[in-house]
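Structure first, commentary second.
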Amino acid sequence: MPSLSTLLDTFFYVPGEDIGVLQELVAGTDESIEPVPEEIPEEYLSFRLEGELYAVPIHGVKEIVKVPPLTEVPRAAANLLGVMYLRGEVLPVYDVKVKLRLADKAPVVAGPDAPEPHRGARIIVVQMADGLAGMWVDEVSEVVRLRPSMLELAPPGVGGGERDCVVGLGRRNQQLFILLDIWQVLA
């Protein structure tokens with residue numbers, strides 16, 4: 001029985017080998033093959049809110065911090081949890097669950113009566129037009145790379161009104177990410 005390398009030698013090109021038949025075959029085709037554009041993936045930061053996976057473009061995220069003590073702001077907007085101090089700057093922290101209608105009202109997480117935050121809770125810090133702002137999330141999951149072919153527009157009935165911050169869906173294997181416009185969520 002011949003060795004495997006001997007059998008494979010018939011499949012590889014050897015310099016000086018007659019390839020005239022192959023050149024005739026190629027010369028007979030007049031079709032040009034269009035190159036397929038390479039899909040450049042975009043990175044998204046995924047996080048959980050009420051058990052669902054959400055994601056925002058990573059370029060919009062300045063940093064992720066553990067939840068510090070928050071100071072409550074009297075008569076503030078319904079989605080403003082309070083303010084936090086971060087390296088010499090005071091920034092507002094928002095609850096996006098209210099904007100997405102995952103909760104009727106923001107929980108009390110600021111002030112002396114506030115309970116300790118959940119262990120996985122984080123603040124995603126974002127650069128807004130008028131300064132830094134924070135977004136409270138239940139848990140930061142991972143950075144995901146999604147190609148354009150993995151993205152879909154938001155289904156009918158999801159966008160518009162208070163939910164116009166949902167810009168689409170991203171699918172990776174069996175995971176579904178709800179894509180948010182981070183600046184619209186915090187507006």
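Structural remarks
- A cut-off under 13 angstrom between Cβ atoms defines the neighbours of Arg87, and their net charge, with Lys, Arg +1 and Asp, Glu -1, is -1.
- Ordered by the number of other Cβ atoms lying within 10 Å of each residue's own Cβ, fewest first, Arg101, Arg172 fall into the sequence Arg101, Arg172.
- Legend: calculated FRET efficiency, Asp113 to Ala187, from the Cβ-Cβ distance at R0 = 45 Å, rounded to 0.05, equals 0.95.
- Sorted by Cβ neighbour density within 10 Å, fewest at the top, the residues Trp183, Trp136: Trp183, Trp136
- The range 42-185, Cα convex hull volume normalised per residue, Å³: 121 Å³
Quick note: the coordinates plus some simple rules give every number you see, no bench work behind them. For clarity, every value in this text was computed on a predicted model and none was experimentally measured. Backbone-built Cβ (ideal geometry, glycine too); neighbour counts: all protein chains shown.
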